[in-house]
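The values are calculated or read from the model by the stated rules, or taken from the named source; none is laboratory data. Note that the structure is predicted; figures quoted are calculated from it, not measured. Positions of Cβ are backbone-derived with ideal geometry, glycine not excepted, and every protein chain shown enters the neighbour counts. Keep in mind that these areas ignore ligands, DNA and RNA; they rest on the heavy atoms of the full protein, side chains included. Shrake-Rupley method; radii C 1.70, N 1.55, O 1.52, S 1.80 Å.
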Amino acid sequence: MTADGQRQAIARGYLLICVFYVHALYGVFQSLGSDPDRAMLAGVQIKLLAPAVSAFFFLSGMSAPFFYRKGWLTALKPSLTLIMLAALGHVIAVLLDIAIHQQWFGIAWFARRMAKPILYGTGYENFISWFLVVLAFARIFAYAFMRSWRVFLPAAALAIAAVLATRAAGLPDNLYEWRNWPTASLFFLLGMRVPNGWRIPAWAGLLALPITLALAWLNRPGVLTQAPCLTCDLGFVAQPMIGQYGSLPIYVVQQLLFMLFLLWVSSWSVGKMPGKVGTYFGADSLSMLLMHGWVLVTLYPIAAQSLPPRESAFLYASILSVGIVVHALLYFYLQPALHWLSGISFKASSLVIDIAERLFAIGARPRPSTPVTHAAQGSDQP
């Protein structure tokens, strides 16, 4: 693994640990009755940490800086694989939930529960597939943008028309997570432009952290037209998974500053114990994220029932450490199965792309010229 690849793996690992922790914080908040007075520490941490998930798109762009040089069908294959993985993750989550709760309300209920999120591209039951779908579309838009504005503008216009048509038709909002497409594509494109070997000075990385936390705290709808307020709208959380950004310019700046800190601390961690932990989780981040979706459905609800009735520093330290250990152990034992499932999605997308390539090759093949027959020459021969 190159130095840049190792830094990216550590950064992805840190983000995944953050995702494990934030999802547990939501469980704490809900177990305490969603009462800000009883779950103040959980609410503060959610407000500061939840926006960080968009950094995944930036890192994804860093890992694919030249993919736009490929043919469009080849470039489309990873996006198709991601969408298939999203559907697969949802299907297994539904089966796990049904097995745990022993609930069955008929074939129609089962088919609707299975098929509706896959058809609409939103509402997945593993709470993770939304990210895979958004990343798939971010790659497509980034590819079109980098190829040519003559390609990107029609693609963007077609996407906008499709969104408007589905809303006019009364279909569920946020089909295929469209609210996330603009920022995810922007962060992916910015990640693609990060030069190899780029190093961030320690002062810049350390300074970026308090600024990004301050912006996350201050961010809320309308903040640019009002005076900054430390105690206003404290319940607002910038949550990219539902397209809830607050003030979009503030959100973008906050995320870019967070990326400065994340890349700096990842470079600093290379060769150290925290970096080794980050690499373990981030080297195969897609499988780890897919597995986490099923952990959310199975283990997190059980763990939420055993939480103490009040907050403490020990509680949150325990949640963080237990989450790391549990996910590491599960991945250790489930890694072959996870790779097998990823392989299924990759093979299925490859099959679709191969069929499409053959169809386009047939359609592009020049037609043979019509031979001159005797009949065309006026002959009486049939």
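Some observations on this one:
- Wholly enclosed helices (runs of 4 or more DSSP H) of segment 116-232 bearing at least 1 residues surrounded by fewer than 15 Cβ atoms within 10 Å (Cβ to Cβ), of a type outside the set (Val, Ile, Thr) and free of Cβ contacts under 8 Å to residues at least 24 places away in the same chain: 149-168, 202-218
- Check on Gly343, farther than 21 Å from Phe57 by Cα and part of a helix (DSSP H, G or I): yes
- Criterion applied to Gln244, Gln254 was being open to solvent by 20 Å² or more (accessible area, probe 1.4 Å) and polar (S, T, N, Q), and the one residue passing it is Gln244.
- Among the residues listed as Val265, Val277, the single one being farther than 19 Å from Ala208 by Cβ and of a type in the set (A, V, I, L, M, F, W, C): Val277
- One residue from Pro309, Pro240 being within 29 Å of Ser31 (Cβ to Cβ), over 22 Å from the mean Cα position of the chain (by Cα), at pLDDT below 95 and of a type outside the set (A, V, I, L, M): Pro309
- Residues that are among the charged types (D, E, K, R) and either open to solvent by 50 Å² or more (accessible area, probe 1.4 Å) or touching a strand residue (DSSP E or B) at 6+ places or on another chain (Cβ under 6 Å) (or both) within segment 297-316 comprise just one, Arg310.
- Pairs with Cβ under 9 Å, 6+ apart, first in segment 332-353 and free of Cβ contacts under 8 Å to residues at least 40 places away in the same chain, second part of a helix (DSSP H, G or I): none
- Any hit, segment 260-280, residues being under 18 Å from Leu135 (Cα atoms), touching a residue at least 24 places away in the same chain (Cβ under 8 Å), surrounded by fewer than 20 Cβ atoms within 10 Å (Cβ to Cβ) and of a type outside the set (S, T, N, Q): no
- Any hit, segment 267-281, residues being under 19 Å from Pro182 (Cα atoms) and in a helix (DSSP H, G or I): no
- Hits in segment 317-333 (condition: surrounded by fewer than 17 Cβ atoms within 10 Å (Cβ to Cβ) and touching a helix residue (DSSP H, G or I) at 6+ places or on another chain (Cβ under 9 Å)): Leu320, Val322, Val326, Ala328
- Residue tally, condition closer than 22 Å to Gly293 by Cβ and either open to solvent by less than 50 Å² (accessible area, probe 1.4 Å) or in contact with a Leu (Cβ under 7 Å, 6 or more places away or on another chain) (or both), over segment 94-108: 3
- Pairing residues of segment 290-316 that are on the phi > 0 side of the Ramachandran plot with residues that are aromatic (Phe, Trp, Tyr) and not in a helix (DSSP H, G or I), at Cβ distances under 8 Å and at least 6 apart in sequence or on separate chains, gives no pairs at all.
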